[in-house]
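Enquirer: Structure provided below as structure tokens; questions to follow.
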Amino acid sequence: MRMRKRANLDKRMERCAGLLIEEPEALRGRWLESFPGHERLYVELGCGKGRFTADTAETIPETLYIAVEKVPDAMILAMEKIDRRGIENVRFIDADAKLLGTMFAPGECERIYINFCDPWPKSRDAKLRLTSPAFLRIYADMLKAGGEIHFKTDNTPLFDWSITQLEAEGWTLSELTHDLHEHGPVGVMTDYEAKFYEQGMKINRLVAAKTADTKTTAAGAVPRLRNASLTDARGYEESQEANRRSEP
């Protein structure tokens, strides 16, 4: 999705500067030490406009919540939301997920959220999916033993492909569903998810736990992703187009 350029972005970022971590590499291995009073560290990849970020972090004030977003025009909306609501346990990083290993030390995190990421449907782009083996091994480095990935998507082909990758990489799966809100709303929703729910679209969700068998970057070369195209990305693309039309 191409995010619309935000008016006065630089000035708005300046007003929220206290929420942005400019040099996250300097905090690698020292996040909880640098933000005393927090018991654990959670990371969200791709926070978007921040509804999920704010609503989740507000319920766990004892947790340091780091939102990673590489699109400043989206991140500023999340930052302003956190600032307006006075939520004190959230910080933001403007970076690509492939750099996570430079920002978080092995075993430093307890949970990673991945919500409605880009499916990259073409086979040649499969390595860019946030649930591809190379990324999964970075997450495995970051997470403590028993640490979890919480993954949600409306794209069923991406979800099923991700299950295959997670199982092959040694993660233990639980809470797996292809229709999370079948019996009514469950848990905290993202902005996209709330719209999808209103449209009657099914949401896929799972929790993947790190075990002794989970492969880290020390496991060596990741497997080549052959014939990895997603059979149908229409649901995702249609929902993205609907959101572009409704975006203020």
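Enquirer: Is at least one residue of the range 117-124 aromatic (Phe, Trp, Tyr) and under 22 Å from LEU225 (Cα atoms)?
Expert: Checked the range 117-124: at least one residue is aromatic (Phe, Trp, Tyr) and under 22 Å from LEU225 (Cα atoms).
Enquirer: Can you run down the residue pairs with Cβ atoms below 9 Å, 6 or more apart or on separate chains, where the first is in the range 55-84 and over 22 Å from LEU130 (Cβ atoms) and the partner is buried (at least 24 other Cβ atoms within 10 Å of the Cβ) and not aliphatic (A, V, I, L, M)?
Expert: From the range 55-84, the pairs are GLU80/GLY50; LYS81/GLY50; LYS81/THR53; ILE82/GLY50; ILE82/THR53; ILE82/PHE92.
Enquirer: Of all residues in the range 22-58, count the ones that are surrounded by fewer than 19 Cβ atoms within 10 Å (Cβ to Cβ) and within 18 Å of the chain's Cα centre (by Cα).
Expert: Qualifying residue count, the range 22-58: 3.
Enquirer: Checking the conditions here, which among ALA105, ALA145, ALA95 is part of a loop (DSSP other than H, G, I, E, B), at negative phi, touching a residue at least 12 places away in the same chain (Cβ under 8 Å) and surrounded by fewer than 16 Cβ atoms within 10 Å (Cβ to Cβ)?
Expert: Matching residue, one of ALA105, ALA145, ALA95: ALA105.
Enquirer: To continue, here is another question. Looking at (1) under 14 Å from ALA228 (Cβ atoms); (2) touching a residue at least 12 places away in the same chain (Cβ under 8 Å), find the lone condition where LYS152 falls short.
Expert: Evaluating LYS152 over (1) under 14 Å from ALA228 (Cβ atoms); (2) touching a residue at least 12 places away in the same chain (Cβ under 8 Å) leaves (1) as the failure.
Enquirer: Is it the case that the range 101-120 has a residue that's touching a strand residue (DSSP E or B) at 6+ places or on another chain (Cβ under 8 Å), farther than 20 Å from ALA208 by Cα and at pLDDT 95 or above? Talk me through it step by step, then tell me what you get.
Expert: So in the range 101-120, the residues touching a strand residue (DSSP E or B) at 6+ places or on another chain (Cβ under 8 Å) come out as 103-104, 107-117, 119.
Next, only the ones that are farther than 20 Å from ALA208 by Cα stay: 103.
Subsequent filtering for residues that are at pLDDT 95 or above retains 103.
Yes; the residues of the range 101-120 include at least one that is touching a strand residue (DSSP E or B) at 6+ places or on another chain (Cβ under 8 Å), farther than 20 Å from ALA208 by Cα and at pLDDT 95 or above.
Enquirer: Another question, if that's okay. Here is a list: ASP213, ASP179. Which entry is of a type in the set (Asp, Glu), under 21 Å from PRO119 (Cα atoms) and in a loop (DSSP other than H, G, I, E, B)?
Expert: Going through ASP213, ASP179 in turn, just one is of a type in the set (Asp, Glu), under 21 Å from PRO119 (Cα atoms) and in a loop (DSSP other than H, G, I, E, B): ASP179.
Enquirer: Give the range 74-92 a look and list any residue that's buried (at least 23 other Cβ atoms within 10 Å of the Cβ) and of a type outside the set (Val, Ile, Thr), or say none. Working first, answer last.
Expert: Restricting attention to the range 74-92, the residues satisfying the condition of being buried (at least 23 other Cβ atoms within 10 Å of the Cβ) are 75-76, 78-79, 82, 90, 92.
If the condition is that a residue be buried (at least 23 other Cβ atoms within 10 Å of the Cβ) and of a type outside the set (Val, Ile, Thr), then MET75, ALA78, MET79, PHE92 are the ones that fit.
Enquirer: I've got another one for you. For the range 108-129, how many residues are of a type in the set (Gly, Ala, Ser) and surrounded by 17 or more Cβ atoms within 10 Å (Cβ to Cβ)?
Expert: Here the count works out to 1.
Enquirer: Here is a further query. Restricting to the range 144-153, name every residue that is more than 14 Å from the chain's Cα centre (by Cα) and not basic (Lys, Arg).
Expert: Hits for the range 144-153 are ALA145, GLY146, GLY147.
Enquirer: Next question. Let me spell it out: the conditions are (1) in contact (Cβ under 8 Å) with a residue 40 or more places away in the chain; (2) of a type outside the set (Gly, Ala, Ser); (3) surrounded by fewer than 22 Cβ atoms within 10 Å (Cβ to Cβ), and LEU176 meets all of them except one. Which number is the exception?
Expert: (1)
The values are calculated or read from the model by the stated rules, or taken from the named source; none is laboratory data. All of these numbers come straight from a predicted model, not from anything done at the bench. Here the Cβ is made from the backbone with ideal geometry for all residues, glycine too, and neighbour counts use every protein chain on show.
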